[in-house]
Structure formats: structure tokens, C-alpha cells
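The values are calculated or read from the model by the stated rules, or taken from the named source; none is laboratory data. What you are looking at is a predicted structure, and each value in this text was computed from that prediction instead of being measured. Here the Cβ is made from the backbone with ideal geometry for all residues, glycine too, and neighbour counts use every protein chain on show.
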Amino acid sequence: MADIADPRSACASRSASGALASLSLAMLLSSLSTSIANVALPTLSTAFSASFQAVQWVVLAYLLAITALIVSVGRLGDLVGRRLLLVAGLGLFSAASLAAALA
């Protein structure tokens with residue numbers, strides 16, 4: 001039985017909590033990006049004078065691209081390391097979001 005005062009158990013607990021929080025926030029970003037694309041559909045429809053159904057293909061293409069790349073990126077994560085790939089992906093997502101916001 002691990003002693004509560006043992007610093008190793010406290011460190012492991014903080015490490016597990018940090019990992020869970022990081023992965024939860026990364027998953028939130030993925031869901032948030034899809035939601036943002038869905039919220040923008042009426043604006044895109046008006047801006048491009050297109051029907052709502054035609055503009056829905058934007059979200060479908062986005063989801064299709066993500067779904068198609070999941071297996072390849074999983075393999076890449078096995079090769080280069082999951083943590084490095086997650087940090088690189090979050091950095092790329094942040095940079096792309098900033099560029100989109102400034103556009």
C-alpha cells in the first residue's frame with residue numbers, strides 16, 4: 001500500500017491528472033472546430049450566395065479529411081512519438097486558427 005506522504009505517489013497523481021487534462025483539452029479542440037464550422041454555415045451560405053445544402057459539403061469534406069487521416073497519423077505517432085505529435089498538432093492547429101482569425 002502506498003503511503004500518502006510518499007512524494008512519488010503525489011508526483012504520479014499530478015502527472016496522471018495533467019495528462020488527462022491535456023488530452024481532454026485536445027479532444028475539446030477537435031469538437032470545437034467542427035462546431036465552429038457548423039455555426040459558420042449560414043454566414044458562408046449568404047456570403048457565397050449558395051444554398052445551405054451546398055455549403056454543408058464544407059463540413060462534410062472537413063470531417064472526411066479528418067477521418068481519412070486518422071489511421072495515417074496514428075501510425076506516424078507510433079514512429080515519432082505520441083507526445084511530440086500531439087504538441088506539434090496543437091501548435092499547427094493554434095497557428096492555423098490564428099491565421100484564420102486574422103484573415
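Table for the structure above
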read-out: Criterion: part of a helix (DSSP H, G or I), in contact with a Leu (Cβ under 8 Å, 6 or more places away or on another chain) and β-branched (V, I, T) - qualifying residue of T67, T34, T46; value: T34
read-out: Residues (farther than 16 Å from M27 by Cβ, in a helix (DSSP H, G or I) and not hydroxyl-bearing (S, T, Y)) located in the stretch 70-91; value: V71, R75, L76, D78, L79, V80, L84, A88, G91
read-out: Which listed residue, of L84, L76, L41, L102, is farther than 21 Å from S22 by Cα and either touching a Lys or Arg at 6+ places or on another chain (Cβ under 7 Å) or modelled with pLDDT of 90 or more (or both); value: L102
read-out: Some residue of the stretch 53-64 being under 18 Å from L23 (Cα atoms) and hydrophobic (A, V, I, L, M, F, W, C); value: no
read-out: Those residues of the stretch 38-62 which are touching a residue at least 12 places away in the same chain (Cβ under 8 Å) and over 20 Å from A88 (Cα atoms), in sequence order; value: N38, L41, L44, V55, Q56, V58, V59
read-out: Selection within the stretch 92-103 - small (G, A, S) and in a helix (DSSP H, G or I); value: S94, A95, A96, S97, A99, A100, A101
